[in-house]
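Written below as C-alpha cells is the structure these notes are about.
The values are calculated or read from the model by the stated rules, or taken from the named source; none is laboratory data. Because the structure is predicted, anything quoted here is derived from the model rather than measured. All Cβ positions, glycine included, derive from the backbone under ideal geometry; neighbour counts span all protein chains shown. For accessibility, only protein heavy atoms count, side chains too; no ligands or nucleic acids. Shrake-Rupley method; radii C 1.70, N 1.55, O 1.52, S 1.80 Å.
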Amino acid sequence: MPAPAGTVIGHEIVGHVETLPPEFPLVADWDVRVGDRVVIAPGISCQRCPHCLRYGMYCQRRKLYGLGSAGHGIHGGLSDTVELLPDTRLFRVPDRLPAQRAVFIEPVACGVRAMHTASLTVGPLSGRRALIVGFGGIGLAVATVAAYAGAHVEICELDGLRQQVAERLGFPVATPSQVEPGSYDLAVECAGVPAAFAGAVRAVRPGGTVIEMGNFADAGPGEVPVAEICQRDIRVAGVSETRDADFRVAVDVVAHSPVDLAAAIGAVHRFQDLDAPEVLFTKWDVLKQVVCFD
C-alpha cells in the first residue's frame, strides 16, 4: 500500500492522552481527560461529503492515521506522540487490560465488523461452522471474534509457523487440500492472496456466506468462480471500514476472550532501541510485532 514519503505509519494505536486543549472536538462517549488510556480509530470522516450525509460512513475524503492509500494519510503511531486531529474517534481502554492484549483492539474491531456483516445473511453465529482462510493478524482477529460469538472456528493456513500459533491458541488447522468443499456456513478470506477467494467460495455450503477482507490492498487479479456463486446461492460481501459500535464490542472481546492473544506476539521492540527500523518489515518468522514507547 503506497504512503507518501515522510509519512509516519502505524494505525493500531493504544496510548494515553497527554494534553487536551479546552473544547477540542473529539468523538467519544465519555468526558475525555488527560491521562485516559485510549485506542484510536484510524479513520476520520469529513461529515460533509455525499457518502457521509447519506450513509453515515464510506467517506470520500476520509483521512487515516498512518495509512496513505487514500491520498489523505496523516501521521500514525510509530512515534512517541501522535497529534490528534479534530473529530478523531477515541475509545476507552480499561487500565487493567494488559498492553499486549490492548494492542489487538483495532484489528479485532475489523473482525467484529466482518462477523456483523456475516450475521446479516448467516444469522446468529453460535453453532455455525466458520473457516478463516489465512492466519495473519487479521485472521487471528476474525477467528477470535467468531469463536467469542460461539462459532466453530477452523483455520486454513499453509505456513508452518502460523499453523503452530493457531493450534497453540486452540484453533483446528487445515491446509487448502484438507478443506472439505461445501461444508462451512461461513468463510472469511484473510490471506490477502487473490487465489484464496476462490478457495473460500468452494469451502462454503449452498446458501453460505463469504466475507472478503484480505485483499484490502490490490495484489492483482484472481479467480472469481461466478457460476459457482450463482448456482450455489452464495452471498459475498467485502469489509473494510469499521463503525464505532465495532470498537466498543472489540474492547469487550479483547478483555474477555479466552484466546491468549498475547501469545501471538513474536517480537516486542522498544522504540528507542530500534537502530534499523526495517527489522519491522523483514522479520517474517513472527505473526505479530509490537513497538512500545515506555
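Results for (1) assigned to a loop (DSSP other than H, G, I, E, B); (2) closer than 16 Å to LEU85 by Cβ; (3) among the hydroxyl-bearing types (Ser, Thr, Tyr); (4) touching a Pro at 6+ places or on another chain (Cβ under 7 Å), shown as yes or no for each residue.
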{"site": "THR7", "(1), (2), (3), (4)": "yes, yes, yes, no"}
{"site": "HIS11", "(1), (2), (3), (4)": "yes, yes, no, yes"}
{"site": "GLU18", "(1), (2), (3), (4)": "yes, yes, no, no"}
{"site": "VAL34", "(1), (2), (3), (4)": "yes, no, no, no"}
{"site": "VAL38", "(1), (2), (3), (4)": "no, yes, no, no"}
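The residues listed here are PRO94, PRO98; of these, the one that is closer than 30 Å to GLN47 by Cα, of a type outside the set (Phe, Trp, Tyr) and surrounded by fewer than 20 Cβ atoms within 10 Å (Cβ to Cβ) is PRO94. None of GLY238, GLY214 is within 18 Å of the chain's Cα centre (by Cα) and open to solvent by 50 Å² or more (accessible area, probe 1.4 Å) except GLY238.
Where helices (runs of 4 or more DSSP H) fall wholly inside region 88-172, the ranges with 1 or more residues that are without any contact (Cβ under 8 Å) to a residue 60 or more places away in the chain are 105-122, 137-148, 160-168. Scanning region 249-294 for residues that are open to solvent by 70 Å² or more (accessible area, probe 1.4 Å), without any contact (Cβ under 8 Å) to a residue 60 or more places away in the chain and hydrophobic (A, V, I, L, M, F, W, C) returns PHE281, TRP284.
LEU64 meets the conditions (1) in a loop (DSSP other than H, G, I, E, B); (2) surrounded by 14 or more Cβ atoms within 10 Å (Cβ to Cβ) in every case but one. The failed one is (1).
The set of residues from region 173-186 being over 18 Å from GLN163 (Cβ atoms) and of a type in the set (A, V, I, L, M) comprises just one member, LEU186. Inside region 177-194, residues that are among the acidic types (Asp, Glu) and open to solvent by 10 Å² or more (accessible area, probe 1.4 Å) make up a count of 2. Residues that are outside any loop (DSSP other than H, G, I, E, B) and not β-branched (Val, Ile, Thr) within region 42-60 comprise GLY43, PRO50, HIS51, CYS52, LEU53, ARG54, TYR55, listed in sequence order.
Residue by residue, here is whether (1) closer than 15 Å to VAL251 by Cβ; (2) in contact with a helix residue (DSSP H, G or I) (Cβ under 9 Å, 6 or more places away or on another chain) holds:
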position: LEU85; (1), (2): no, no
position: PRO94; (1), (2): yes, yes
position: ALA102; (1), (2): yes, yes
position: SER126; (1), (2): no, no
position: PHE135; (1), (2): no, yes
position: GLY139; (1), (2): no, yes
position: ALA147; (1), (2): no, no
position: GLY170; (1), (2): no, yes
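For region 13-52, which positions are in contact (Cβ under 8 Å) with a residue 60 or more places away in the chain and among the small types (Gly, Ala, Ser)? Selection gives GLY15, ALA28, ALA41, GLY43. Scanning region 225-235 for residues that are touching a Pro at 6+ places or on another chain (Cβ under 9 Å) and surrounded by 13 or more Cβ atoms within 10 Å (Cβ to Cβ) returns ARG232, ILE234.
Checking ALA118, ALA166, ALA198 one by one, the residue that is open to solvent by less than 20 Å² (accessible area, probe 1.4 Å) and closer than 13 Å to VAL239 by Cβ is ALA118 and no other.
Can you find a residue in region 43-56 that is in contact with a strand residue (DSSP E or B) (Cβ under 8 Å, 6 or more places away or on another chain), modelled with pLDDT of 95 or more, closer than 30 Å to GLY266 by Cβ and open to solvent by less than 70 Å² (accessible area, probe 1.4 Å)? So far as region 43-56 goes, no, none of its residues is in contact with a strand residue (DSSP E or B) (Cβ under 8 Å, 6 or more places away or on another chain), modelled with pLDDT of 95 or more, closer than 30 Å to GLY266 by Cβ and open to solvent by less than 70 Å² (accessible area, probe 1.4 Å).
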